[in-house]
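The values are calculated or read from the model by the stated rules, or taken from the named source; none is laboratory data. None of these values were measured; they are calculated from a predicted model. As a convention, Cβ positions derive from the backbone with ideal geometry for all residues, glycine included, and neighbour counts pool all protein chains shown.
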Amino acid sequence: MRFTIAIDGPAAAGKGTISKAVAAHYGFAHLDTGLLYRAVGAATLDGKDPIEAALTLVPKDLERDDLRSAQVAQAASRVAVIGEVRAALLDFQHAFARRDGGAVLDGRDIGTVICPNAEAKLFVTASAQVRAQRRYAELSSKGADVSLEQVLADVKERDARDSERAEAPMKPAEDSTTIDTSDLGIEEAIAKAVKAIEARLSARDR
Ligand code: CDP
């Protein structure tokens, strides 16, 4: 079966957690597309050219252990404005989305640009304050030396860059369902996501 679930939303909104849970629920494969941009961003911090890094990206590059850092997140959002970088990452994402057995992709432009025909689309969001708190907890539990203020500033800066760029700006697809996770626990957010997808699945089967 081919069934694509597109999950977009701003930084640290809970897309990753929801995407993994939804993929496990349906037995679908999951691609965190942010990792592709993070890997290219990390390469630029090593002095590489971003377009060259995107064109020569290999799966092993997604295994670097520094990809989740705040520095790499910023570098990712800087390379993500470059049209040639986005173009170089298209084929891989398209192939993943249409694989047999179903796929969940999460990112910023999945429902709008990468998979406009995705069978189900979610836009997962939360207030900037809540998102910063969650990311702060995640980074500091890994021993990163960051403050909540820094993380909030980082989240806001990336949101602005991601939504104001000319190429594939972050925005909800017209046919997406928005889930605001500000006041939701993880299980509640996952339940809402599955419910929204179920509605699409049954609409398709009718
Ligand atoms: O985990 P978090 O939500 O903080 O970020 P991410 O999903 O790992 O994405 C890191 C950066 O990559 C974002 O700030 C975007 O600039 C970029 N990105 C993108 O432009 N398009 C995507 N489909 C995914 C990520």
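Some observations on this one:
- Looking across region 24-49, the residues that are in contact with a Gly (Cβ under 8 Å, 6 or more places away or on another chain) and more than 9 Å from the ligand (Cβ to nearest atom) come down to 26, 27, 28, 29.
- From the list 87, 132, 128, 118, the lone residue that is under 19 Å from residue 161 (Cα atoms), buried (at least 22 other Cβ atoms within 10 Å of the Cβ) and aliphatic (A, V, I, L, M) is 132.
- Enumeration of residues in region 107-129 that are more than 24 Å from residue 95 (Cα to Cα) and more than 13 Å from the ligand (Cβ to nearest atom): 127, 129
- For region 164-185, the tally of residues that are under 14 Å from residue 113 (Cβ atoms) and free of Cβ contacts under 8 Å to residues at least 40 places away in the same chain stands at 1.
- Tally, over region 37-78, of residues that are out of contact with any Lys or Arg (no Cβ under 8 Å at 6 or more places or on another chain), in a loop (DSSP other than H, G, I, E, B) and not hydrophobic (A, V, I, L, M, F, W, C): 9
- Any hit, region 77-88, residues being within 17 Å of residue 16 (Cβ to Cβ), touching a Leu at 6+ places or on another chain (Cβ under 9 Å) and either more than 12 Å from the ligand (Cβ to nearest atom) or among the charged types (D, E, K, R) (or both): no
- Among residues of region 55-83, those that are hydroxyl-bearing (Ser, Thr, Tyr) and in contact with a Phe, Trp or Tyr (Cβ under 8 Å, 6 or more places away or on another chain), counted: 1
- Residue check, residue 69 among the hydroxyl-bearing types (Ser, Thr, Tyr) and at pLDDT 95 or above: no
- Residue in region 155-162 that is over 21 Å from residue 36 (Cβ atoms), buried (at least 17 other Cβ atoms within 10 Å of the Cβ) and either among the hydroxyl-bearing types (Ser, Thr, Tyr) or in contact with a Lys or Arg (Cβ under 8 Å, 6 or more places away or on another chain) (or both) present: no
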